[in-house]
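Report on the following structure.
The values are calculated or read from the model by the stated rules, or taken from the named source; none is laboratory data. All figures in this text were calculated on a predicted structure; none of them were measured in a lab. Note: ideal-geometry Cβ built from the backbone for every residue, glycine included; neighbour counts use all protein chains shown. With ligands, DNA and RNA removed, areas are computed over all heavy atoms of the protein, side chains included. Shrake-Rupley method; radii C 1.70, N 1.55, O 1.52, S 1.80 Å.
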Amino acid sequence: MRLKIDMSGNIPIYQQIRNQIVFGIATGQMRAGDKLPTVRQLADEIGVNPMTVSKAYGMLKDEGVILMDRRHGAQVNRLQPKENALDMDFDHTAMLLISEAYTKGVSQQELERHILLLINKIYGHKEVLP
Amino acid sequence: MIVTYIIILWIVFWVMTASSLYSAQYHDHQVLGVVLSKAHSQHDEIEKTLVSFTKACRLVLLLSAVCSLLLFVEPVSSHADFIMILLMMANLFVNWLVIDRYQMKLQHIKEQNNWIYPQKNIVTVDLEVARDSGKSAISPVWVWLFLLLDFLPTVILLFHTNMRQIYPIGFSLIGPLCQLSFVYLFYQMRGRHSNTVNAQFARQEERINSIAATLSALAMLVFWLLFSASMMYAQNGLAILAPVIVLLAAVFGIIRWQQSKISGLEEKFADELPEEQENAGDQQILWKWGFYYDPGDPRLFVPKRMAGMGWTINIGRPAGKLICFGITAFLVIIIGITAYGGSKDYQVSVSGPKVTVDAAMYDMTFDKSEVQSVTIRDDLPPDGTRVNGYGGQSKSYGHFSFKGYGSCMLYIYNNVDRYVVVQLKGNDPGYVILNGKTQAETDALYHNISSWSSK
């Protein structure tokens, strides 16, 4: 899996790392048990301070996306359904995106069709979680 | 002596020219540190400019070699050591000027033809490449073994105490100390790869880089063993020069080998590299006065502007500033010491029961009660070796050792074949050998000291 980091973009680098790893797992580019590079290795490759990578890994660990272990390093966690996954934060982010589409004049049918297309990209060929 | 200086100068000039010419080869989307695509680098105008650059480099080499012959001419030859350093600096500066001028020419051709490449602000990293970083390098056991072997001269000196007079044991630790920097270089190079997206490319590149670092450490070991052997057994200026030539030739050969291997890799993987690696991307302007300056870049060591020419320091980092200041201070001190040592005359003053010799860095005073005898002779004792002192073209002074005399303090003008020899009680130093700027001055000095000691 490849990370593409925009060094001059508005999104902080740690956020880009976190987002792309989440996206990589969701699209099947990374699977449960896959090892991630160490903080230092990834920081050296990208050319950023190790604290930046450490912050991204810390976020992923808090979200339960990866496991951090002293012996095995960082690896992708097994997907486990959370009871409150679709919480207020999720609603807020999704509502904001829908609102932005509305203000740009996107019709409801067009939006539903587009969102379904995106959902299929992620969930299309995957087994249903337990 | 002058011949040795000229050989050293020619080696330095040759290395500078070879490095300049090497930087004109296309590598990593660059020619002379100017970003160009492969197709643009083969453009007629670029090729003509590079032919002209090659001629300019050869002209600088020729002129430098001719200038070095000035060392044979009086009064330059009496300050040969200082002039040698000046010529080295001048050659370095002129080479830099030529490169800078031709960089501007290439940049101008780029602008005229509107060859504009997007700046690389997107960094693409393959997680597999990052995860396997350093795993394809050869074992570090070799560099540690070379470090251990570097202590061989020290071990020999521990058992042969008589050799310590000509080769102090502290001096024998300089080699291992320098070798440590090669161990550090190995650990820097073993995970280093320019390609961050192709795992196979990156693995092979790491292997080449780590082999190059290990070979450099081996070259350092060979240099140090040869140098120590020549110091301990040959004690001859030309014999000491041989290891330097071996080291320079080896380092140059290793760099050539490393770069030809990496160029081969680039060609081999040319079809497999993704689009973002194929296209040349213009560098950000991060170079100040020839140094890399980027406070936002956490790296202390960064590749030089000219791809494949090694590494440089990021002076945007506090540690980089410190190292840069240290190197500059070191150079200034070396030049200062050479200039001061070469220009300052000895002052021998007799006052009361003491004689004081005032010389740059190696002053000494001896008392009348210490003096055993004062003699004058027309030649120096045989088999002299400098232990810790200054040995220039016109003067030699400091701690020396002579066969049959042991430890001596020397304060002499090399072109005057008359010497006052003061034998002291004890053997540290056992003798003080000095003279004046002329034979008449030396005679006067002898009469002055001998009448003082006999009073």
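Within segment B:37-51, can you find the residues that are more than 29 Å from the chain's Cα centre (by Cα) and modelled with pLDDT of 85 or more?
Taking segment B:37-51 as the starting set, the residues that turn out to be more than 29 Å from the chain's Cα centre (by Cα) are B:37-49, B:51.
Listed by number, the residues that qualify are B:40, B:41, B:42, B:43, B:44, B:45, B:46, B:47, B:48, B:49, B:51.
Is it the case that some residue within segment B:297-316 is buried (at least 17 other Cβ atoms within 10 Å of the Cβ), within 14 Å of another protein chain (Cβ to nearest Cβ), charged (D, E, K, R) and over 27 Å from the mean Cα position of the chain (by Cα)?
yes
Look at residue A:9 and say whether it is within 12 Å of chain B (Cβ to nearest Cβ) and part of a loop (DSSP other than H, G, I, E, B). Walk me through how you get there before you give the answer.
On the way: within 12 Å of chain B (Cβ to nearest Cβ): yes; part of a loop (DSSP other than H, G, I, E, B): yes.
For residue A:9, the condition - within 12 Å of chain B (Cβ to nearest Cβ) and part of a loop (DSSP other than H, G, I, E, B) - is met.
Could you count how many residues in segment B:6-44 are under 30 Å from residue B:390 (Cβ atoms) and either out of contact with any helix residue (DSSP H, G or I) (no Cβ under 6 Å at 6 or more places or on another chain) or surrounded by fewer than 21 Cβ atoms within 10 Å (Cβ to Cβ) (or both)?
Just the residues of segment B:6-44 that are under 30 Å from residue B:390 (Cβ atoms), to begin with: B:6-16.
Remaining after also requiring either out of contact with any helix residue (DSSP H, G or I) (no Cβ under 6 Å at 6 or more places or on another chain) or surrounded by fewer than 21 Cβ atoms within 10 Å (Cβ to Cβ) (or both): B:6-8, B:10-12, B:14-16.
Qualifying residue count, segment B:6-44: 9.
Has segment B:52-73 got at least one residue that is modelled with pLDDT of 85 or more, open to solvent by 20 Å² or more (accessible area, probe 1.4 Å) and of a type in the set (Ser, Thr, Tyr)?
Yes, because at least one residue in segment B:52-73 is modelled with pLDDT of 85 or more, open to solvent by 20 Å² or more (accessible area, probe 1.4 Å) and of a type in the set (Ser, Thr, Tyr).
Among the residues of segment B:150-181, which ones are part of a helix (DSSP H, G or I), open to solvent by less than 40 Å² (accessible area, probe 1.4 Å) and of a type in the set (A, V, I, L, M, F, W, C)? Spell out the reasoning first.
To start, the set of residues in segment B:150-181 that are part of a helix (DSSP H, G or I) comprises B:152-159, B:161-165, B:171-181.
With open to solvent by less than 40 Å² (accessible area, probe 1.4 Å) added as a condition, the list becomes B:153-154, B:157, B:163, B:172, B:175-176, B:179.
Scanning segment B:150-181 gives B:157, B:163.
What are the residues in segment B:216-271 that are over 18 Å from residue B:176 (Cα atoms), modelled with pLDDT of 85 or more and aromatic (Phe, Trp, Tyr), if any?
Across segment B:216-271, the qualifying residue is only B:257.
For every residue, the table says whether it meets (1) at positive phi; (2) in contact (Cβ under 8 Å) with a residue 60 or more places away in the chain; (3) in a helix (DSSP H, G or I).
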{"residue": "A:85", "(1), (2), (3)": "no, no, no"}
{"residue": "A:90", "(1), (2), (3)": "no, no, yes"}
{"residue": "A:93", "(1), (2), (3)": "no, no, yes"}
{"residue": "A:98", "(1), (2), (3)": "no, no, yes"}
{"residue": "A:102", "(1), (2), (3)": "no, no, yes"}
{"residue": "A:105", "(1), (2), (3)": "yes, no, no"}
{"residue": "A:118", "(1), (2), (3)": "no, no, yes"}
{"residue": "A:122", "(1), (2), (3)": "no, yes, yes"}
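Answer yes if at least one residue in segment B:62-76 is within 21 Å of residue B:262 (Cα to Cα) and among the aliphatic types (A, V, I, L, M), and no otherwise. Before the answer, list the steps.
Step one: filter segment B:62-76 for residues within 21 Å of residue B:262 (Cα to Cα), giving none.
Looking through segment B:62-76, none of the residues is within 21 Å of residue B:262 (Cα to Cα) and among the aliphatic types (A, V, I, L, M).
Scan segment B:106-137 residue by residue and report those that are surrounded by 17 or more Cβ atoms within 10 Å (Cβ to Cβ), farther than 13 Å from residue B:36 by Cα and more than 12 Å from chain A (Cβ to nearest Cβ).
B:136, B:137
Only one of these is touching a residue at least 40 places away in the same chain (Cβ under 8 Å), more than 9 Å from chain B (Cβ to nearest Cβ) and part of a loop (DSSP other than H, G, I, E, B): A:56, A:32. Name it.
None of the other options fit; the residue is A:32.
Kindly evaluate residue B:233 against the criterion of being within 14 Å of chain A (Cβ to nearest Cβ) and of a type in the set (Ser, Thr, Tyr).
Values: within 14 Å of chain A (Cβ to nearest Cβ): no; of a type in the set (Ser, Thr, Tyr): yes.
Against the criterion (within 14 Å of chain A (Cβ to nearest Cβ) and of a type in the set (Ser, Thr, Tyr)), residue B:233 does not qualify.
Any residue at all in segment B:423-445 that's open to solvent by 10 Å² or more (accessible area, probe 1.4 Å) and assigned to a strand (DSSP E or B)?
So far as segment B:423-445 goes, yes, one or more of its residues are open to solvent by 10 Å² or more (accessible area, probe 1.4 Å) and assigned to a strand (DSSP E or B).
From the list A:77, A:49, exactly one residue is more than 14 Å from chain B (Cβ to nearest Cβ) and surrounded by 14 or more Cβ atoms within 10 Å (Cβ to Cβ). Which is it?
A:77
Out of (1) in a strand (DSSP E or B); (2) over 24 Å from residue B:71 (Cα atoms); (3) free of Cβ contacts under 8 Å to residues at least 24 places away in the same chain, what's the single condition that is false for residue B:386?
Just one mismatch for residue B:386, condition (2).
Could you grab me the full set of residues in segment B:339-350 that are open to solvent by 70 Å² or more (accessible area, probe 1.4 Å) and small (Gly, Ala, Ser)?
Narrowing segment B:339-350 to residues open to solvent by 70 Å² or more (accessible area, probe 1.4 Å): B:340, B:343, B:347.
Result: B:343, single match.
Please specify each residue of segment B:191-222 satisfying the condition of being among the polar types (S, T, N, Q) and over 19 Å from residue A:2 (Cα atoms).
Of segment B:191-222, the ones among the polar types (S, T, N, Q) are B:194-196, B:198, B:200, B:204, B:209-210, B:214, B:216.
The answer is B:204, B:209, B:210, B:214, B:216.
Of all residues in segment B:39-83 being among the charged types (D, E, K, R) and in contact (Cβ under 8 Å) with a residue 24 or more places away in the chain, which is nearest to residue B:336 (Cα to Cα)?
Residues of segment B:39-83 that are among the charged types (D, E, K, R), as a first pass: B:44-45, B:47-48, B:55, B:58, B:74, B:81.
Those still in the list that are in contact (Cβ under 8 Å) with a residue 24 or more places away in the chain too: B:45, B:58, B:81.
Values: B:45: 45, B:58: 31, B:81: 12 Å.
By that ranking, first place goes to B:81.
In this structure, is residue B:277 assigned to a helix (DSSP H, G or I), at pLDDT below 80, buried (at least 16 other Cβ atoms within 10 Å of the Cβ) and on the phi < 0 side of the Ramachandran plot? Walk me through it before giving the result.
Values: assigned to a helix (DSSP H, G or I): yes; at pLDDT below 80: yes; buried (at least 16 other Cβ atoms within 10 Å of the Cβ): yes; on the phi < 0 side of the Ramachandran plot: yes.
It is true that residue B:277 is assigned to a helix (DSSP H, G or I), at pLDDT below 80, buried (at least 16 other Cβ atoms within 10 Å of the Cβ) and on the phi < 0 side of the Ramachandran plot.
Checking residue A:23 against (1) away from every other protein chain (no Cβ under 14 Å); (2) without any contact (Cβ under 8 Å) to a residue 12 or more places away in the chain: exactly one of these is not met. Which one?
Among (1) away from every other protein chain (no Cβ under 14 Å); (2) without any contact (Cβ under 8 Å) to a residue 12 or more places away in the chain, the lone unmet condition for residue A:23 is (1).
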